[in-house]
Structures are given as C-alpha cells and as structure tokens.
Amino acid sequence: EDQVTQSPEALRLQEGESSSLNCSYTVSGLRGLFWYRQDPGKGPEFLFTLYSAGEEKEKERLKATLTKKESFLHITAPKPEDSATYLCAVQASTGANNLFFGTGTRLTVIP
Amino acid sequence: NAGVTQTPKFQVLKTGQSMTLQCAQDMNHNSMYWYRQDPGMGLRLIYYSASEGTTDKGEVPNGYNVSRLNKREFSLRLESAAPSQTSVYFCASNLGSNQPQHFGDGTRLSIL
C-alpha cells in the first residue's frame, strides 16, 4: 500500500536557524514526488517535483532532495515568511494519476 | 491569472441537504481532481477526471458524485449531506501524468 510519512509534525525555528523536513515514502514504483507549501486558509502551492533518486531542486531558501526511500526539504536561514505547512506527496507509476499526501510539517519561524 | 477557482468559499448545510461545489480552471489542463482535507489526515482523493468526458473514483468516493462539464469545469455533488462530510474540499488540475497539480483555495463545508 502506498504510504507517505512526514516528520516532524511541527517545527519551531529561530529566524536564520537552518533545518530539514523529512518525507518517507512507500510506493509501488515512484512516478514523482511533490513538495507543496500550504498557508492557513489557502490551497497547497506547488514548490518542487523530484523524479529520481539523487535529484535535487532549489528555490530561494529551499532545497529538496530525493533518495529511494525518502525526501528532505532543507530550509537555509529561514525567515518568518517561510512559516507554513509543508506537504509531501507521491505519485505511483501504476494506477491512477492521483497523489498520496502526507499529513504535513507545520513550520513556524520566530523573528 | 486566476488558475483554479472554487465556489463557494464557505457553506453550512443541514444533514440531508444537497449541494454542488463548483471548480473551474483557466490553464487548459486536461486532468482535474477533487480532494478533501481533514485535521490530522493528508489530502484524500475523492474523484478525478483524467480528461474531458471521463471520471473515476478515488480513495473516498462514497456519498459523492462528479460531473466533468467541459474541459474547464469539474463539479462535486453531495446528494444527501452527512456530518462526516464536514471538511475542506480542494479542487486541483494538471496537464497530465507526472505534472504538478495546481490547487484552488478550497471550499469550507460544515454539515450540522
């Protein structure tokens, strides 16, 4: 059964304090792994897609990496505006075109 | 640049009432999706439409129906609302397989 587990559930960082969010997955053939950001009262906003182990993507203070079992979202020198819930989702290579989502990591960056 | 637009944003229903949630996208995407998001759970797929004219069940389809009206619009209908359907509903769309899904801002639905 396809499964996505994100840790930690919540993370509080001081502004400038770098850290990483983890996404562990079990899927019957990975077609893609997606990272989203979700602000309160809003829909998920797409950040990155990773397709194969060893791949990395960067955007401003965020960097996503992928292995065969997990993905990390590294946040370098975060700012208060990076506060949000970060969601990880996987798409299996078999079956429908839908995503399986984790429950997210709620990040708070304190000034 | 609207992207994915959902209406209404909020709704309160009584048990047994019916309602249709509307979704429209202006990105010329082929595939559209309906998810629900509940506290402590990941987004779960209700129904999806891989292309105009097709619809398929997702993980939690019971109590819902969908209509892919045209390439732009994909509606979700609750025929007889139940308290267990209280949730935030998100519509998403993408070009197709492997492509990122883009989400609307959701409909917050409460059923009393």
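Residues checked against (1) of a type in the set (A, V, I, L, M, F, W, C); (2) closer than 26 Å to B:Val88 by Cα:
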{"site": "A:Lys42", "(1), (2)": "no, yes"}
{"site": "A:Lys63", "(1), (2)": "no, no"}
{"site": "A:Glu81", "(1), (2)": "no, yes"}
{"site": "A:Ala84", "(1), (2)": "yes, yes"}
{"site": "A:Gln91", "(1), (2)": "no, yes"}
{"site": "A:Asn98", "(1), (2)": "no, yes"}
{"site": "A:Gly104", "(1), (2)": "no, yes"}
{"site": "A:Val109", "(1), (2)": "yes, yes"}
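In segment B:81-94, the residues that are surrounded by fewer than 17 Cβ atoms within 10 Å (Cβ to Cβ) reach residues that are part of a strand (DSSP E or B) and modelled with pLDDT of 95 or more with C-beta atoms within less than 6 angstrom, at least six apart or across chains, in these pairs: B:Pro83/B:Ile111; B:Thr86/B:Ser110; B:Thr86/B:Ile111.
Scan segment A:89-108 for residues that are surrounded by fewer than 21 Cβ atoms within 10 Å (Cβ to Cβ), more than 7 Å from every other protein chain (Cβ to nearest Cβ) and either modelled with pLDDT under 90 or assigned to a loop (DSSP other than H, G, I, E, B) (or both) and the total you get is 4. Candidates in segment A:25-56 are the residues that are within 23 Å of B:Ala92 (Cα to Cα), modelled with pLDDT of 95 or more and of a type in the set (D, E, K, R); of these, the one that is surrounded by the most Cβ atoms within 10 Å (Cβ to Cβ) is A:Arg37. Six or more apart or on different chains, Cβ under 8 Å: which pairs go from a residue in segment A:1-13 that's without any contact (Cβ under 8 Å) to a residue 60 or more places away in the chain and more than 18 Å from A:Ala84 (Cα to Cα) to one that's among the polar types (S, T, N, Q) and part of a strand (DSSP E or B)? Could you list them? Qualifying pairs under 8 Å: A:Glu1/A:Thr26.
The values are calculated or read from the model by the stated rules, or taken from the named source; none is laboratory data. In this text, all values refer to a predicted model and were calculated from it rather than measured experimentally. Cβ: placed from backbone, ideal geometry, glycine included. Neighbour counts: every protein chain shown.
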